[in-house]
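What follows is a set of notes on a single structure, which appears directly below.
The values are calculated or read from the model by the stated rules, or taken from the named source; none is laboratory data. What you see is a predicted model; the values in this text were computed from it and never measured. Cβ atoms come from the backbone with ideal geometry, glycine included; neighbour counts cover every protein chain shown. Areas reflect the complete protein model, heavy atoms only, side chains present, ligands, DNA and RNA absent. Shrake-Rupley method; radii C 1.70, N 1.55, O 1.52, S 1.80 Å.
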Amino acid sequence: MTVIRVPVFRSASKLLLAACLAALAAATQLPPARAQDTAPAAQAATEPLAIVAKNGRHAFQVEVMRTDAQRAKGLMYRRSMPVDHGMLFDFERPAPATMWMKNTYLSLDMVFIRSDGSIARIAADTEPLSTKVISSGEPVLAVLELNAGTAAKLGIRAGDRVEHPMFKR
C-alpha cells in the first residue's frame with residue numbers, strides 16, 4: 001500500500017511559497033514525463049494509400065487520424081517510422097491547414113492534399129521539435145506526413161495525385 005503525505009501549512013508564508021511553486025511549475029513549458037511519452041508508441045491500424053507521380057505509383061501504409069484528439073497527437077513522441085509508412089490527417093472538410101513539429105522527434109515531409117486528391121504543396125524536411133507554423137497555403141482536406149526526404153527521393157511533387165478512399169476524383 002502506498003501512503004501519500006499531504007503537508008499542512010501552518011503559516012501564510014509557507015502557503016504563499018507553496019502557491020508560488022505550484023504556479024511556477026504550471027507555467028513551465030515542459031510537460032511531466034508520462035509512461036506513454038517515453039515508451040515506444042504503438043502503431044495504429046494502417047490503410048493503403050498511393051501517390052501517383054510522373055515516374056510511377058508509390059504505395060504506403062498510413063495511419064489515419066480522424067478525430068481531434070488523434071490529430072492533436074499525430075506523430076508526437078515517436079522516434080521512428082517505417083520507410084513505406086506515413087500518417088494521414090483527415091480534416092473532414094477543405095480549409096487552410098497549419099501544422100507544427102512540437103514534441104515530434106522525426107523530421108518529416110508534409111504533403112498538403114486537396115479534396116480531389118491532388119497535392120497542393122509539400123513542406124520538405126521539417127525541423128523536429130519546432131513550434132514554427134507550417135501552412136498549407138490554400139484550403140486542403142488532408143495532410144500526409146512521410147519520413148523526411150521521401151518526396152524528393154520518389155520524385156513526388158505538387159500536382160501529383162494521392163489515391164485513398166478519402167479523396168474524390
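Somewhere in the stretch 104-118, is a residue open to solvent by 30 Å² or more (accessible area, probe 1.4 Å), modelled with pLDDT of 95 or more and β-branched (Val, Ile, Thr)? No. For the stretch 81-149, the strands (runs of 3 or more DSSP E) that sit wholly inside it and include 1 or more residues that are in contact (Cβ under 8 Å) with a residue 60 or more places away in the chain and among the small types (Gly, Ala, Ser) are 85-99.
Residue check: is Met81 open to solvent by 20 Å² or more (accessible area, probe 1.4 Å), among the hydrophobic types (A, V, I, L, M, F, W, C) and within 21 Å of Pro48 (Cβ to Cβ)? So Met81 passes the test. Consider the stretch 59-78 and keep the residues that are open to solvent by less than 30 Å² (accessible area, probe 1.4 Å) and in a strand (DSSP E or B). The one that is farthest from Thr150 (Cα to Cα) is Met65. Taking the criterion of being under 15 Å from Thr126 (Cα atoms) and open to solvent by less than 80 Å² (accessible area, probe 1.4 Å), the residues of the stretch 84-103 that qualify are Gly86, Met87, Met99, Met101, Lys102, Asn103. Of the residues making up the stretch 45-95, just one is closer than 17 Å to Gly155 by Cα and of a type in the set (S, T, N, Q), namely Asn55.
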